[in-house]
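Encoded as structure tokens, the structure appears first; notes follow it.
The values are calculated or read from the model by the stated rules, or taken from the named source; none is laboratory data. Source: prediction; values computed, not measured. Heads up, the Cβs are rebuilt from the backbone with ideal geometry, glycines too, and the neighbour counts pull from every protein chain shown. These area figures cover heavy atoms from the full protein model, side chains too; ligands, DNA and RNA do not enter into them. Shrake-Rupley method; radii C 1.70, N 1.55, O 1.52, S 1.80 Å.
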Amino acid sequence: MGLSLIEGFTKSLAMTVLSEIGDKTFFAAAILAMRHPRKLVLAGCLAALIVMTILSASLGWVAPNLISRKWSHHVTTVLFFGFGLWSLWEGFKEESHYSFSESEELAEVEAKLNADWKAETGSNKGNTKGSDDLKKQQRPFLTQFFSPIFLKAFSITFFGEWGDKSQIATIGLASDENPFGVVLGGIIGQALCTTAAVIGGKSLASQISEKMVALSSGILFLVFGLQSFLSAAGES
């Protein structure tokens, strides 16, 4: 039990960190934190990611009860190999000097949030800074975490992760490994990436090579796939 928990934790942590760096939700957290209070953005993004991780791991845990463990193991193995090859292909097609600051994904997220920001500021032109500060002070502490900013960060992150490669990989991993380890590793990995996005933002993204992240995650998925394949061959 202890060994399977550690294995699930380490796999989930490594997979989450490499999958989430430079993801759409990473950029969304970075841009939102530049315009809104960081604690609310961080809380909203983390809440969404924790809910998504627990939900995905729960689906993975239930899967072997719906179909045989043998078939769920085979599906997981195919997913790991598929995601590994997909990530390697994405890595090899990128230029070696290419960084996240130049990516189309960043531009797409930034354009969408810019449009939302303009719409919000246009509708709130009548509000003064003083009245906003007064409202913020009068608002109870816990109520602030259910403010429009928190809900916006939560919804953007949650729906951005839905159906994402990392979510599907988490489901597959939880069906094959200890689900508690997968949840713990996923939450810690999400917390590390989201905190880095909120604090470092675009300046951090510009220092990271998208090619290296894609190649590293591809190799990691292939290692997971090979390990899963060998364990099935050993059992048979």
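The residue of the stretch 212-226 that is nearest to HIS73 (Cα to Cα), among those that are at pLDDT 85 or above and open to solvent by 20 Å² or more (accessible area, probe 1.4 Å), is LEU226.
One residue is enough: does the stretch 118-128 have a residue meeting the conditions in contact with a helix residue (DSSP H, G or I) (Cβ under 7 Å, 6 or more places away or on another chain) and modelled with pLDDT under 60? Scanning the stretch 118-128 turns up no residue that is in contact with a helix residue (DSSP H, G or I) (Cβ under 7 Å, 6 or more places away or on another chain) and modelled with pLDDT under 60.
Among the residues of the stretch 145-174, those identified as part of a helix (DSSP H, G or I), open to solvent by 20 Å² or more (accessible area, probe 1.4 Å) and farther than 15 Å from GLY60 by Cβ are PRO148, ILE149, PHE150, LEU151, LYS152, PHE154, SER155, ILE156, PHE158, PHE159, GLY160.
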